[in-house]
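Have a look at the structure below, then the notes.
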Amino acid sequence: MVAPIIITAAPIMCAFHNVMLPSQNYGTKKSIKQGLGVKRGSCGGLQMKANAQNHNGDDKISKVVSKSSIRQNFTIRSYEVDANGIASVETLMNYFQGSMIYHGKTVGAYNDVAGTTKEMIKRNLVWVYSEMQVLTYRYPKWDDVVEVETWVSTAGMNAVRFNWIMRDFKTNQVLNRASSVSVLMNKLTRKLSKMPEEVRRELESYLVNSRIIIEDDDKKIPKLDDTTADYICTGLKPQWSDIDVNFHVNNAKYVTWILESIPESILMNYELSSMTLKFKRECKIDSKLQSLAEVCSDNNNNNNNNVEYNHMLRFEDGVEILRGRTKWRPKFINNFDFFNHVPEASIKDL
């Protein structure tokens, strides 16, 4: 298999601040499967995280459904939507994380913004995602109010599963479901830890035995390299704003990076319908990364026009950070109608 061609983009100067923004380089194979287009070139830069807070203007702020289930409201703000006027995937990820912390605080399990219990704090333990799945039926738009229901269930001896259902507040329609498996990591050694019995006793009254709201994706996600990837995006580097209170990259940023290797033709004409992430290692402020994507070969015989990609994030030395799979469905409407404007030129032409 022919290795991808790496295209190097020159650094771009910011007009408002005399700051050199990091360049991002893209590569594609000469023969791209299915003719799905060529990855766009764009500049890295400042990232704005989603605002995962309650807003006093909402009709309903939050309510306790049961001892282990909390519902919290979010209003989609203008800075949380993408070019189509709908909430970005990163926004949803931040809502999930925010509601997880709010859930633990409301039921009395957690003591700080990191979602740690008293016994976890004593042992320098924090939660980290080991895997996550998101299934989306419809994306909320700007100014919509969504209600996120959160609960925690068991996931073996040394992990817990956080569960989310997002609904349209006005219609109660289910917009998406998400589920993640989280394990404990020692903040000092940065190594995974078994769950101490003291921590287990703290959590057991808040854990529920519930069915998995998303069936596990048992299909193996292959490890990609320069010869198997259809798209490669290099020059990725965390910004200070990407670092969370555990001093590693916020999980929503991983989604941003894997989407960087998706062709613009897909981003314009398709929407993300599901996502599976398998976290391998944490990423810190001084890391330099590459995002690889492969068009799944079985889509050549796909009759419903859906598109599927395998993903991998890795350090520049080849050590992998994350594997993932994304599935995309065609957009049924032109969401640019939301702005009553069809763009006359692409960003690269400005």
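Just so it is clear, none of the values below were taken in a lab; they were calculated from the coordinates. What you see is a predicted model; the values in this text were computed from it and never measured. Every residue, glycine as well, gets a Cβ built from its backbone with ideal geometry; the counts of neighbours run over all protein chains shown.
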Point to revise | Distance between modelled label sites at Tyr79 and Thr228, nm, 7 Å Cα→Cβ extension | key: 4.0 nm
**Study point:** Simple spin-label estimate for Asp168 and Asp217 in nanometres, 7 Å along Cα-Cβ
**Key:** 2.6 nm
Review point. Say R0 is 30 Å: what FRET efficiency, to the nearest 0.05, do Trp142 and Ser265 get from their beta-carbon distance?
Key: 0.75
Point to revise | 3J(HN,Hα) from dihedral phi, the stretch 218-234, Karplus parametrisation 6.51/-1.76/1.60, rounded to Hz, x for glycine, proline | key: 7, 5, 5, 9, x, 7, 8, 8, 4, 8, 9, 6, 8, 9, 9, 10, 10
Point to revise | Separation in nanometres of the label points that stand 7 Å from Cα toward Cβ, at Glu198 and Ser210 | key: 3.0 nm
Exercise for review: Pull out a ≥ b ≥ c, the square roots of the eigenvalues of the alpha-carbon gyration tensor of the stretch 80-177, then state rounded if a/c is under 1.5, prolate if not and a/b is larger than b/c, and oblate in the remaining case.
Suggested key: prolate
Point to revise | Phe96, Phe315, Phe74 arranged by Cβ crowding within 10 Å, fewest neighbours leading | key: Phe315, Phe96, Phe74
